[in-house]
Amino acid sequence: MTETSRRAQWFSDNERNWDDRAELHMAGNYCDYQRLLEEPTAISDELAQDIERFGDLAGKEVIHLQCHVGTDTIGFARRGASRVIGLDLSEASLAHARSIAQRAGADIEFIRANVYDAREAVSGTFDLVYTSIGVLCWLPDITQWAQVVTSLLKPGGTFFIRDDHPMFMTIGEDISDGLKIEQPYFEQDAPMTWDDDSSYVDSPGAPRITHTTNHQWNHSLGQIVTALINAGLVIDALEETPRTAWCPWPELMEQDSTGGWHLRENPERLPLQFAITAHKN
């Protein structure tokens, strides 16, 4: 099997897996999307923690890469952006995104495309390219990704990502004997392939994932930053935090007042998220 056909199979498996995840997620009140429908000015909690970084969005053009069901994307339209695009690999996710945005009165164009094909899938360039969270683990090549991000930005435009920290992603699933590094920290040619009928959120009575095979990759923080610099971006800020948006280890974690999670004991020992702000000269 050639490298091209291998990658095509990986993305096909992940697309089917995310189509199923979308149905599982939307069986409940995913990311409190009902609040977005009930409150005309509400934005998601995930976006709220970073929205002030972007300044006045009135009249700006924004693209949200790997947007899933668009709960974060709505916030950009509600903060005055003149053009908002959400792009994702999963058509099932985008069907929910379009429905939520329509009911929320948010003018957003949702486009189905692999993130590597984003430059060909959309026209024009953008003042802000945004992506968050749980996104980079689905991409095999961080260098190519960074080149796509740069190609989408206007000169002077801002790129922002918040994602799971690659050190966090090295920890194995069995924590009965403590946290142990089991997965690769650096990008690998071959993916980590999983067979799992669950997702990071669940609801009673939610449908199980039937396309259980999915492929993931880790990328070191140095690889991510270097890829962005080599693609032509200037790094303005790099932050690491002991807080994450989800709870993989209920026995070891507790929730904060804003819905995030951190280790109950000695949270300073492990970074759980990072955030990068950059711009294009």
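Below are the figures for this structure:
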quantity: Scope the range 135-177; condition among the small types (Gly, Ala, Ser), touching a Leu at 6+ places or on another chain (Cβ under 9 Å) and farther than 26 Å from Thr193 by Cβ; matching residues; calculated: Gly157
quantity: Those strands (runs of 3 or more DSSP E) lying entirely in the range 175-266 with at least 2 residues polar (S, T, N, Q) and surrounded by 13 or more Cβ atoms within 10 Å (Cβ to Cβ); calculated: 213-216
quantity: Those residues of the range 10-35 which are touching a residue at least 60 places away in the same chain (Cβ under 8 Å) and either acidic (Asp, Glu) or in contact with a strand residue (DSSP E or B) (Cβ under 7 Å, 6 or more places away or on another chain) (or both), in sequence order; calculated: Trp10, Asp13, Asn14, Glu15, Asn17, Asp19, Asp20, Glu23
quantity: Close pairs from the range 241-263: first of a type in the set (Ser, Thr, Tyr), partner at pLDDT 95 or above and in a loop (DSSP other than H, G, I, E, B), Cβ under 6 Å, at least 6 apart; calculated: Thr244/Leu272
quantity: Tally, over the range 152-178, of residues that are small (Gly, Ala, Ser) and in contact (Cβ under 8 Å) with a residue 12 or more places away in the chain; calculated: 2
quantity: Complete set of residues in the range 48-64 that are among the hydrophobic types (A, V, I, L, M, F, W, C) and surrounded by 24 or more Cβ atoms within 10 Å (Cβ to Cβ); calculated: Val62, Ile63
quantity: Number of the condition not met by Leu238 [criteria: (1) within 17 Å of Phe168 (Cβ to Cβ); (2) touching a strand residue (DSSP E or B) at 6+ places or on another chain (Cβ under 7 Å); (3) touching a residue at least 60 places away in the same chain (Cβ under 8 Å); (4) not basic (Lys, Arg)]; calculated: (3)
quantity: Scope the range 67-94; condition buried (at least 24 other Cβ atoms within 10 Å of the Cβ), under 19 Å from Leu153 (Cβ atoms) and out of contact with any Leu (no Cβ under 7 Å at 6 or more places or on another chain); matching residues; calculated: Thr73, Val84, Ile85, Gly86
quantity: Thr193 vs. criteria of a type in the set (S, T, N, Q), over 28 Å from Ala275 (Cα atoms) and at pLDDT 90 or above; calculated: no
quantity: Residue in the range 155-169 that is farther than 15 Å from Cys137 by Cα, surrounded by 13 or more Cβ atoms within 10 Å (Cβ to Cβ) and of a type in the set (A, V, I, L, M, F, W, C) present; calculated: yes
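For (1) farther than 27 Å from Asp256 by Cβ; (2) in contact with an Asp or Glu (Cβ under 6 Å, 6 or more places away or on another chain); (3) at pLDDT 95 or above, each residue gets a yes or a no:
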{"position": "Ser5", "(1), (2), (3)": "yes, no, no"}
{"position": "Asp13", "(1), (2), (3)": "yes, no, yes"}
{"position": "Glu23", "(1), (2), (3)": "yes, no, no"}
{"position": "Asp50", "(1), (2), (3)": "no, no, yes"}
{"position": "Lys60", "(1), (2), (3)": "yes, yes, yes"}
{"position": "Ile74", "(1), (2), (3)": "no, no, yes"}
{"position": "Ala92", "(1), (2), (3)": "yes, yes, yes"}
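So that you can scan it fast, the table gives a plain yes or no per residue for (1) in contact with a strand residue (DSSP E or B) (Cβ under 8 Å, 6 or more places away or on another chain); (2) of a type outside the set (D, E, K, R); (3) in contact (Cβ under 8 Å) with a residue 24 or more places away in the chain:
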{"residue": "Glu46", "(1), (2), (3)": "yes, no, yes"}
{"residue": "Asp50", "(1), (2), (3)": "yes, no, yes"}
{"residue": "Asp72", "(1), (2), (3)": "yes, no, yes"}
{"residue": "Gly80", "(1), (2), (3)": "no, yes, yes"}
{"residue": "Arg103", "(1), (2), (3)": "no, no, yes"}
{"residue": "Ala113", "(1), (2), (3)": "yes, yes, yes"}
{"residue": "Thr125", "(1), (2), (3)": "yes, yes, yes"}
{"residue": "Trp138", "(1), (2), (3)": "yes, yes, yes"}
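The values are calculated or read from the model by the stated rules, or taken from the named source; none is laboratory data. Remember, it's a predicted structure, so these values are computed and weren't measured experimentally. Here Cβ is always computed from backbone atoms with ideal geometry, including for glycine, and neighbour counts include all displayed protein chains.
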